[in-house]
Amino acid sequence: MTAMSEVIHPYAENFKALESLKAGHTPAWLPGLRRDAFEHFSSHGFPAAHSEDWKYTPTRSLEKQTFTATPERSAALAASDIRTILLGEMPTQTLVFVDGKHDPALSHIPSATAGLQINTFDKAMESDVAWLRSSLESESNWRADTFTALNTAFLQNGVVIKLNDGVRLETPLQLIFVSTRQEQPSACHPRILLHLGDGAQATLLETWFGLEGAANFTNSYTQISLGENSRLEHLHLQREAAKEFHVSRIAVDQQRNSHYLSHTLNLGGLWVRSDLNSRLQASGAETIFNGLYLVDGRQHVDNHTRIDHLAPDTRSDELYRGIISGHGHAVFNGKVVVAKHAVKTDAAQTNNNLLLSRQGEIDTKPELEIYADDVKCSHGATIGQLDEQALFYLRSRGLGLDEARGLLVGAFALAVLDRIVSPDLRVFARQQLSAVLPQSAVMESA
């Protein structure tokens with residue numbers, strides 16, 4: 001048996017187990033899609049070290065692990081187990097998944113909302129199979145990406161959300177994915193599909209949370225399509241446990257005058273890869289990427305972003321900031337591509353990094369590919385330590401060293417959180433940051 005087959009073998013066994021399940025409401029076309037995707041994964045394997053997109057994030061540590069299929073039953077959780085990651089006391093629509101599987105007891109759907117359809121993946125296969133098939137089969141990214149292929153091969157759990165034309169949700173939608181401690185670490189591959197019709201508006205909070213002792217592998221994929229004049233604010237929070245592996249893919253397709261506001265907070269996990277791609281398909285489309293990542297201990301966190309300006313008169317603005325301490329290793333690779341006919345593009349990209357230890361490491365690579373004239377584009381990256389003069393000033397005013405450092409670190413992170421438009425999401429983000437970065441607690445009253 002070759003080294004590669006040894007790596008693939010556990011996934012092959014899990015895939016056989018999935019195929020052996022009773023078909024139930026599984027549509028006839030889905031098994032074929034799964035098999036094609038798994039064949040692609042098994043023939044290509046995990047990304048090679050010489051791949052440019054994986055140059056600073058080798059997959060060796062992931063390949064050494066053996067993950068079982070998602071357990072049929074996980075430990076029963078109480079509402080108190082997830083209280084710290086709930087969006088306050090708001091009457092929001094909340095779906096909770098435990099180890100990839102929907103948990104109705106913890107979910108909260110207060111009442112039906114006109115124009116909103118929200119279903120778990122299995123329910124959507126019963127009620128909206130035509131749209132679901134079109135969305136999944138037209139998504140060909142798995143042919144170019146190993147982890148998306150793996151997610152497609154194990155299509156089973158997740159959520160489908162559709163918002164009709166002109167519908168504006170007053171309260172956020174919250175999706176919570178909880179990873180639990182198990183005797184044998186498992187892998188789950190949730191899929192999220194979200195469609196906003198023309199003129200629709202929504203706020204989405206997507207939370208990935210690992211309970212203490214969890215050591216699982218989560219490989220998620222989120223597909224978002226935004227109709228004309230639609231607007232989505234999206235907070236993606238990752239707070240996996242200290243021994244967990246987490247891969248996330250978010251692909252956004254934007255139509256004319258649509259607005260996508262993204263906030264990505266990577267605050268946990270052992271080995272994390274986060275990819276966020278947006279395609280601005282028509283004039284007037286705008287996308288804003290905000291990101292904050294904390295890397296400590298032996299953590300490895302890699303953020304890859306890509307924005308494709310495919311039409312004239314489109315705009316993008318990106319700000320990612322990282323705080324690296326201990327022996328943490330962070331990676332940022334942001335690419336903005338301006339197509340040949342995408343004149344009048346306005347694009348800005350900034351990556352700032354704060355190194356708090358001599359052992360910390362950051363590899364940053366902002367990129368611009370411009371094939372059009374008459375555009376306004378900029379990009380840049382910084383790596384530095386805390387300002388000694390600012391520390392001296394604060395200490396001269398009577399603050400201790402730790403308190404002064406905490407104020408400066410908190411202010412550095414606040415520059416990202418202040419770009420959150422929704423007051424409820426902004427308060428939530430500050431609370432989550434304070435939970436993992438105690439010195440930032442000062443921000444709660446900011």
Subset of segment 38-60 that is free of Cβ contacts under 8 Å to residues at least 60 places away in the same chain and within 15 Å of Phe154 (Cα to Cα) - its residue that is surrounded by the most Cβ atoms within 10 Å (Cβ to Cβ): Ser42
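Could you check segment 172-214 for strands (runs of 3 or more DSSP E) lying wholly inside it with 2 or more residues that are among the hydroxyl-bearing types (Ser, Thr, Tyr)?
Working: elements: 173-179, 191-196, 201-210.
Here the list reads 201-210.
Among the residues of segment 342-358, write down those that are assigned to a loop (DSSP other than H, G, I, E, B), modelled with pLDDT of 95 or more and either surrounded by fewer than 15 Cβ atoms within 10 Å (Cβ to Cβ) or touching a His at 6+ places or on another chain (Cβ under 7 Å) (or both). It would help to see each step written out before you state the result.
Initial filter on segment 342-358 (assigned to a loop (DSSP other than H, G, I, E, B)): 342-345, 356-358.
Filter once more, keeping what is modelled with pLDDT of 95 or more: 342-345.
Result: Ala342, Thr345.
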Just to be sure, is Gln385 in contact with a strand residue (DSSP E or B) (Cβ under 8 Å, 6 or more places away or on another chain) and not acidic (Asp, Glu)? yes
Considering every residue within segment 162-179, establish whether at least one is open to solvent by less than 20 Å² (accessible area, probe 1.4 Å) and among the basic types (Lys, Arg). no
Taking segment 61-77, which residues are surrounded by fewer than 18 Cβ atoms within 10 Å (Cβ to Cβ) and part of a helix (DSSP H, G or I)? Ser61, Glu63
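In segment 362-417, what residues are part of a helix (DSSP H, G or I) and acidic (Asp, Glu)? Walk me through how you get there before you give the answer.
Of the residues in segment 362-417, the ones part of a helix (DSSP H, G or I) are 388-396, 401-417.
Within segment 362-417, Glu388, Asp402, Glu403 meet the criteria.
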Looking at segment 378-422, which of its residues are farther than 27 Å from Leu205 by Cα, of a type in the set (Lys, Arg) and surrounded by 14 or more Cβ atoms within 10 Å (Cβ to Cβ)? Arg395, Arg405
Test Ala124 against the criterion of being in a loop (DSSP other than H, G, I, E, B) and either out of contact with any helix residue (DSSP H, G or I) (no Cβ under 6 Å at 6 or more places or on another chain) or farther than 24 Å from Thr180 by Cβ (or both), and give yes or no. no
Checked pairs for segment 381-396, first without any contact (Cβ under 8 Å) to a residue 40 or more places away in the chain, second part of a strand (DSSP E or B) and β-branched (Val, Ile, Thr), C-beta under 8 Å and 6 or more apart or across chains, list as Ile383/Ile362; Ile383/Thr364
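The values are calculated or read from the model by the stated rules, or taken from the named source; none is laboratory data. This is a predicted model, so every value here is computed, not measured. Heads up, the Cβs are rebuilt from the backbone with ideal geometry, glycines too, and the neighbour counts pull from every protein chain shown. These area figures cover heavy atoms from the full protein model, side chains too; ligands, DNA and RNA do not enter into them. Shrake-Rupley method; radii C 1.70, N 1.55, O 1.52, S 1.80 Å.
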